[in-house]
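Asker: Below are the structure tokens for one structure; questions will follow.
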Amino acid sequence: MDSDRVRIAAQGQLTMTDAAWEQARSRAAVIGALAARRKTRLADADRAAAELGVSRRQVYVLLGKYRHGSGLVTDLAVRRSTGGKGGHRLPEPVEEIIRDLIRRRFLTRQKRSLASLHREIASVCAARGFKAPTRNTVTRRILMLSPVDVGRRREGAEAVRPSQSAGGDVPVIGSVLEQVQIDHTVIDVIVVDERERLPIGRPYLTVAIDVYSRSIVGMVVTLEPPSAVSVGLCLAHANGDKRPWLERLGVEADWPMSGKPKMLYLDNAAEFKSEALRRGCEQHGIGLAYRPPGRPHYGGIVERVIGTAMRKIHELPGTTFSNPTERGQYDSEKMAALTLAELEKWLVLAVAAYHGSVHGTLGQTPTGQWTAGVTATGTPSVSTNPTAFLVDFLPVIRRTLTRTGFVIDHVHYFANALKPWIGRRDSLGPFIIRRDPRDISRVWVLEPDGHHYVEVPYRSISNPAVSVWEHRQALGRLRERGARQVDEAALFRMIEQMRHVTDTAAKMTKRVRRETERRKHAGNAGPAMRASAVPAPPVAPAGTDPTGAPMPRFEQIEEW
């Protein structure tokens, strides 16, 4: 496909001011609830109008946009001019006044009214020479706070106890994808490279599990440490149809679970709090919640799944077990036999076996529970454009457009689609760019109107596709050699030299072998981003490992 013409729908959330984004998000919360009903009664429309501060007619207009759009927050954004840079953004001193007075005046047992709070904010702003915020703006700031925290400070702990889980138990989940938990782990097995079959180390696993059905809805295996990209890839895997991916793996198995989560439940790791993840989830109507500190039972379902999966992993050759004591005299590196691709196939077969096994807590199989949930609530919502969905969760880069396109880390990118913007680039400011670290041969550039992404490839199409890790390694090698200025040609020459050494070495070190496998796996990962042209390997029958041997059953995945 001509990359100059590749345009995918974009959120534009990164180009919206905070105030505009908050307004769109509050609208989506109200209008989304109306859209979920088959009919919208006048009384419901009037309540929504009062809550949003608009007319009944405007409620129906917004409802039409939401239903005929993509169901995204930005479908309900105000499309008129924002007044230029900072047009709707409150000055930071005003934001500070609002935060301070909400904390000192509103969140107290005195329970002052919103009108009283707004009057005091307006008075302080006037005394300091600032334009006062509207009452709706102050209301939105309060709605962004935790309702439980607001209730506790204004009413007391007893008043909010019904809103919290009883006895420290996690609240009951009543439907599929109502809550999905995601977590990472390093897998307790050493894998080997595909060429020499020599050990390259332990890979990482990112898993998403639907709490209602205990089904595994998403999985990513990588040689990269956990990151925001791992989370985005896992979400994209959970959201999409898995049949094309299973065919590419050469595995004959059913994995029908897919759809957009309504709520993600995560721990407090840094990769779960990135800007890309937060805005991407808000855009797609996915709530974010984090485990309360000191409460390990919150989020424990995915950890139990991972823990039991690791015990099954301990039956594979090359396992490291859980600790040195358990490993004993077992030589994990000497016994390592599975490549990363073979391990991924084994995991898929293990997931299929688990989905068909009776779950001790549910009293039926996860597949049966999932099917019952879908029958009760309908087929889960999925993204119609897997590429756009994944792009929404990729890391963000901001760059200024030049006459020759964009320059990112010494690499030039250009497409004919950029030409209309080059003449007025001085008035456009920095562009929002998304980049997949696994393959930096193209990037996605957000159009100035903020509605679509344009795929932009290397300016020099002869340059090979590389990962960001390979790029950084070459850049570091050049600087070690004293290169004061690094240009693109020198960078890719170094990458080619490094690849040549890697590909021709008779006995490679573990680190070099790992880099080689990481490059191969990154190039084949992300089926939503690029279709693979490599013929599928022979299909392994269900219930066997990639070699055709019987696979241990994944019978009891969760132990209480």
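The values are calculated or read from the model by the stated rules, or taken from the named source; none is laboratory data. From a predicted model like this one, the values you see are computed outputs, not experimental measurements. Note: ideal-geometry Cβ built from the backbone for every residue, glycine included; neighbour counts use all protein chains shown.
Asker: When residues of the range 389-417 are filtered for being more than 15 Å from Gly259 (Cα to Cα) and either of a type in the set (Phe, Trp, Tyr) or not in a strand (DSSP E or B) (or both), how many remain?
Answerer: So the count comes out to 17.
Asker: For Gly360, work out the one condition from (1) farther than 27 Å from Leu277 by Cα; (2) in a helix (DSSP H, G or I) it doesn't fulfil.
Answerer: (2)
Asker: Hey, among Met498, Met529, which residue is at pLDDT below 85, within 33 Å of the chain's Cα centre (by Cα) and in a loop (DSSP other than H, G, I, E, B)? Steps first, answer last, please.
Answerer: Details: Met498 fails: in a loop (DSSP other than H, G, I, E, B).
Selected residue: Met529, the only one of Met498, Met529 that is at pLDDT below 85, within 33 Å of the chain's Cα centre (by Cα) and in a loop (DSSP other than H, G, I, E, B).
Asker: Filter the range 389-404 for residues that are surrounded by fewer than 17 Cβ atoms within 10 Å (Cβ to Cβ) and out of contact with any strand residue (DSSP E or B) (no Cβ under 8 Å at 6 or more places or on another chain) and give the result.
Answerer: Thr402, Arg403
Asker: Looking at the range 255-264 only, could you name the residues that are under 18 Å from Met144 (Cα atoms) and surrounded by 19 or more Cβ atoms within 10 Å (Cβ to Cβ)?
Answerer: Listed by number, the list holds a single entry, Leu264.
Asker: All but one of (1) in contact with a strand residue (DSSP E or B) (Cβ under 9 Å, 6 or more places away or on another chain); (2) surrounded by fewer than 19 Cβ atoms within 10 Å (Cβ to Cβ); (3) outside any loop (DSSP other than H, G, I, E, B); (4) touching a residue at least 12 places away in the same chain (Cβ under 8 Å) hold for Arg304, so report the exception by its number.
Answerer: Arg304 satisfies every listed condition except (1).
Asker: Separate question: Take the residues of the range 435-447 that are touching a residue at least 60 places away in the same chain (Cβ under 8 Å) and surrounded by fewer than 21 Cβ atoms within 10 Å (Cβ to Cβ): which is nearest to the chain's Cα centre (by Cα)?
Answerer: My answer is Pro437.
Asker: Looking only at residues in the range 181-213 that are over 23 Å from Glu470 (Cβ atoms) and touching a Phe, Trp or Tyr at 6+ places or on another chain (Cβ under 9 Å), which one is surrounded by the most Cβ atoms within 10 Å (Cβ to Cβ)?
Answerer: If we take residues in the range 181-213 being over 23 Å from Glu470 (Cβ atoms) and touching a Phe, Trp or Tyr at 6+ places or on another chain (Cβ under 9 Å), then Asp210 is surrounded by the most Cβ atoms within 10 Å (Cβ to Cβ).
Asker: Quick check on my filter: what residues within the range 139-172 are modelled with pLDDT of 80 or more and of a type outside the set (Lys, Arg)?
Answerer: Thr139, Ile142 - these are the residues of the range 139-172 that are modelled with pLDDT of 80 or more and of a type outside the set (Lys, Arg).
Asker: Still on this structure, I have one more. How many residues are part of a helix (DSSP H, G or I), hydroxyl-bearing (Ser, Thr, Tyr) and crowded, with 18+ Cβ neighbours inside 10 Å if we restrict to the range 363-388?
Answerer: Final tally of qualifying residues: 2.
Asker: So which of Glu275, Glu282, Glu224 ends up being surrounded by 19 or more Cβ atoms within 10 Å (Cβ to Cβ), more than 18 Å from Tyr354 (Cβ to Cβ) and within 13 Å of the chain's Cα centre (by Cα)?
Answerer: None of the other options fit; the residue is Glu282.
Asker: I need every pair where a residue in the range 353-372 that is assigned by TED's automatic domain parsing to the domain that holds Gly259 and free of Cβ contacts under 8 Å to residues at least 40 places away in the same chain has its Cβ under 8 Å from the Cβ of a residue that is part of a helix (DSSP H, G or I) and not hydrophobic (A, V, I, L, M, F, W, C), sequence separation at least 6 or different chains.
Answerer: Gly356/Thr367; Thr365/His355
Asker: Being touching a strand residue (DSSP E or B) at 6+ places or on another chain (Cβ under 9 Å) and among the charged types (D, E, K, R) is the filter; apply it to the range 311-337 and report the residue that is nearest to Pro203 (Cα to Cα).
Answerer: It comes out as Glu333.
Asker: Further, regarding this structure: Just to be sure before I move on: is Gly318 at positive phi and crowded, with 21+ Cβ neighbours inside 10 Å in the structure I sent? Lay out the reasoning, then the answer.
Answerer: Working: at positive phi: yes; crowded, with 21+ Cβ neighbours inside 10 Å: yes.
In short, yes.
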